[in-house]
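J.: Quick one: this structure, given as C-alpha cells, is what I'll be asking you about.
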Amino acid sequence: MNFPHKLRKLFDPEIIGSMREHIHRAFHPVSARRLRHELETDPSWEELRRKYPRGIKEVHRFGDTNFWIKRNVERAQDLSLDRGRHRHILDLGCGPGFFLYVAEKLGHTGVGLDIDEQAIFRDTLRLLKVKRVVHCIQPRFHLPAPEKKFDLITSYLTCFHRLERLRDGNWRTWTAAEWQFFIDDLRVNQLAEGGMLLLEFHPQKNNELYPADVRELFLKTRARIFRSKVFLK
C-alpha cells in the first residue's frame with residue numbers, strides 16, 4: 001500500500017471541499033421532494049410534457065422536475081443559500097430557470113439572463129415565475145446595466161465563451177484578454193460590494209475546461225478554483 005500517496009489524497013483540497021459540501025447538505029437538509037411536489041400540483045407541467053413529446057430530447061432534460069429540482073437544491077446548498085443573509089442573484093445562461101426557482105423558494109431574489117432560442121425555456125420560465133432578460137453575451141461587450149447590483153452571479157455549465165466549433169469537435173473560446181474584460185465589467189457594473197461570481201465549466205471533448213493562460217488569469221484575479229468551478233470576488 002502506498003501510504004504517502006493515500007495520505008496526500010486525504011488532504012487533497014478537492015476531496016476536502018467535496019466532503020465539506022456533503023457534510024453541509026447532511027446537516028442543513030432541504031426537501032427537494034417538497035419543492036417538486038409544489039410544482040407538480042400544477043397540471044400545467046403535465047400539459048408541458050404533452051406539448052413536447054418524449055421523443056423530443058428537451059423534455060427528458062428540462063421537463064424532468066425531479067432531476068432538476070434535486071440538482072439545483074444541491075447547487076443552492078453548496079452556495080449556502082439555504083441559510084444566511086438574503087442575496088440578489090443573476091444567473092447567466094439561466095436556461096429553464098430551475099436554479100433561480102429554488103433560490104427564490106429559499107428566500108432570495110434573482111433574474112436570469114439568456115438568449116431566446118428554446119420554446120420550452122419560455123414555458124418553464126413562465127411556470128416557475130422566473131424573470132429573464134434576453135441578451136446574448138459577447139466578448140468585449142458590457143452586460144445590460146442592472147436596476148440593482150447583484151450579491152451573487154452564477155453561470156452553470158458555462159458555454160457563452162464558446163465562439164466556434166472546430167473540426168476536431170472542440171471549441172475555439174475566449175482569450176484571456178476577453179475574459180479580463182468580462183471579469184472587470186462584472187466587478188465594476190454588476191457585482192455589489194462583497195459579491196461573488198461562480199463559473200462552472202463544462203469540459204470539451206479533449207477534457208479541457210479552459211486554456212492554461214485563462215487559468216493563470218483566474219488565479220491572478222484572486223479566483224478560487226475547485227474542480228470545474230471558478231469563484232471570484
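The values are calculated or read from the model by the stated rules, or taken from the named source; none is laboratory data. These figures come from a predicted structure and were not determined experimentally. Here the Cβ positions follow ideal geometry from the backbone for every residue, glycine too, while neighbour counts run over all protein chains shown. Surface areas here come from the heavy atoms of the whole protein model, side chains and all, with no ligands, DNA or RNA. Shrake-Rupley method; radii C 1.70, N 1.55, O 1.52, S 1.80 Å.
J.: Semi-axes of the equivalent ellipsoid for the range 49-117, please: Cα gyration tensor eigenvalues, times 5, square-rooted, ordered largest first, whole Å.
T.: Numbers: eigenvalues 126, 39, 14 Å².
For the range 49-117, the ellipsoid semi-axes come out as 25, 14, 8 Å.
J.: Show HIS37, HIS108 ordered by accessible area, largest first, where the area counts protein heavy atoms only and the probe is 1.4 Å. Spell out each step's value before the answer.
T.: Numbers: HIS37 120, HIS108 10 Å².
Order by accessible area, largest first: HIS37, HIS108.
J.: Something else about it: Connecting C-alpha atoms closer than 10 Å in a GNM of the chain, tell me which of ALA103, ALA32, ALA119 has the biggest fluctuation.
T.: ALA119
J.: Report the charge-dipole magnitude of the chain in Debye, nearest 20, computed about the Cα centre from +1 at each Lys and Arg Cβ and -1 at each Asp and Glu Cβ. Numbers along the way, then the final one.
T.: Working: 42 positive and 31 negative charges, 108 e Å.
Using Cβ point charges on Lys, Arg, Asp and Glu, the chain gives about 520 debye.
J.: If you don't mind, there's one more thing I want to ask. Using a 1.4 Å probe on the protein heavy atoms, what percent of the accessible area of the range 116-233 belongs to carbon and sulfur? Before the final figure, lay out each step's value.
T.: Numbers: 3400 of 6710 Å².
Carbon and sulfur atoms account for 51 percent of the accessible area of the range 116-233.
J.: Continuing with this model, one more query. Using amide H atoms built in the peptide plane, which far-off residues or other-chain residues are under 5 Å from ASP91 H to H?
T.: VAL111, GLY112, LEU113, THR154
J.: Counting only C-alpha contacts under 8 Å and six or more residues apart, can you give the relative contact order of the range 86-233 as a whole percent? If you can, show how the numbers build up before the last one.
T.: Details: 249 pairs, mean separation 30.7, N = 148.
Worked out over the range 86-233, it gives 21 percent.
J.: When DSSP beta bridges are limited to those with both residues in the chain, what percentage is antiparallel, rounded to the nearest 5?
T.: Numbers: 10 of 27 bridges.
Roughly 35 percent of the beta bridges in the chain run antiparallel, per DSSP.
J.: If you compute Cα Rg over 2.2 N^0.38 Å for the structure shown, which of [x] 1.12; [y] 1.08; [z] 1.18 do you land on?
T.: [y]
J.: Please check which bits of the range 208-229 a label hung off PHE181 would reach, taking the label as a point 7 Å along Cα-to-C-beta and the cut-off as backbone N under 17 Å.
T.: Only 214 fall inside the zone, counting backbone N under 17 Å.
J.: Per-residue HN-Hα couplings for the range 109-115, Karplus 6.51 cos²θ - 1.76 cosθ + 1.60 at θ = phi - 60°, whole Hz, x for Gly and Pro?
T.: Karplus-based 3J(HN,Hα) across the range 109-115 equals 10, x, 9, x, 9, 6, 6 Hz.
J.: Suppose the chain between ARG222 and PHE141 were pulled fully straight at 0.36 nm per residue; how much longer would it get relative to their current alpha carbon spacing?
T.: On the way: separation 81, 0.36 × 81 = 29.16 nm, distance 2.27 nm.
This chain segment gains 26.9 nm when fully extended.
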